[in-house]
Amino acid sequence: ETLAAFLDHAGSSPATAAALHIHRTSLYYRLRQIEEITGLDLGNGEDRLTLHLGLRLLSLLPADQGYSAPHLATQPPARP
């Protein structure tokens, strides 16, 4: 949820923290954890794109086969 919100808010920490109703310090902690777990750098545009595409693809996988991203599945993909 944190990663999806961060990416959906174009990497804006204030907007992401507001959307998640958490303090920015908590957001920074969560983002550091995400970077540690994934080995990716959220400050790198290519890494952010990789993560965003991965989350969007996950929302397309069938939930009945053990895949789920319910908070993403309810949001339609952004259209240009």
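The values are calculated or read from the model by the stated rules, or taken from the named source; none is laboratory data. These numbers come from a predicted model, not from an experiment. Here the Cβ is made from the backbone with ideal geometry for all residues, glycine too, and neighbour counts use every protein chain on show. The protein model used for the area step is the full one, side chains on, heavy atoms only, and it has no ligands, DNA or RNA in it. Shrake-Rupley method; radii C 1.70, N 1.55, O 1.52, S 1.80 Å.
Across the stretch 25-51, what is the total count of residues that are loosely packed, with under 12 Cβ neighbours inside 10 Å and either charged (D, E, K, R) or in contact (Cβ under 8 Å) with a residue 60 or more places away in the chain (or both)?
The number of residues fulfilling the criteria is 4.
Restricted to the stretch 4-47, and to residues that are at pLDDT 95 or above and acidic (D, E), which residue is nearest to L58 (Cα to Cα)?
Going through the qualifying residues, I end up with D47.
Taking the stretch 1-23 on its own, how many of its residues are open to solvent by 60 Å² or more (accessible area, probe 1.4 Å) and either outside any helix (DSSP H, G or I) or in contact with a Pro (Cβ under 7 Å, 6 or more places away or on another chain) (or both)? Don't jump to the end; show me each part of the working.
First, the residues of the stretch 1-23 that are open to solvent by 60 Å² or more (accessible area, probe 1.4 Å): 1, 8-10, 14, 18, 21, 23.
Those left that are additionally either outside any helix (DSSP H, G or I) or in contact with a Pro (Cβ under 7 Å, 6 or more places away or on another chain) (or both): 1, 9-10, 21, 23.
Looking only at that region, the number is 5.
Just name the residue that is modelled with the lowest pLDDT out of those in the stretch 52-80 that are surrounded by 12 or more Cβ atoms within 10 Å (Cβ to Cβ) and under 19 Å from A15 (Cα atoms).
First, pick out the residues of the stretch 52-80 that are surrounded by 12 or more Cβ atoms within 10 Å (Cβ to Cβ): 52, 54-59, 61, 67-69, 71-73, 75.
Remaining after also requiring under 19 Å from A15 (Cα atoms): 52, 71-72, 75.
Working: H52: 94, H71: 54, L72: 52, Q75: 49.
Among those residues, the one meeting the criterion is Q75.
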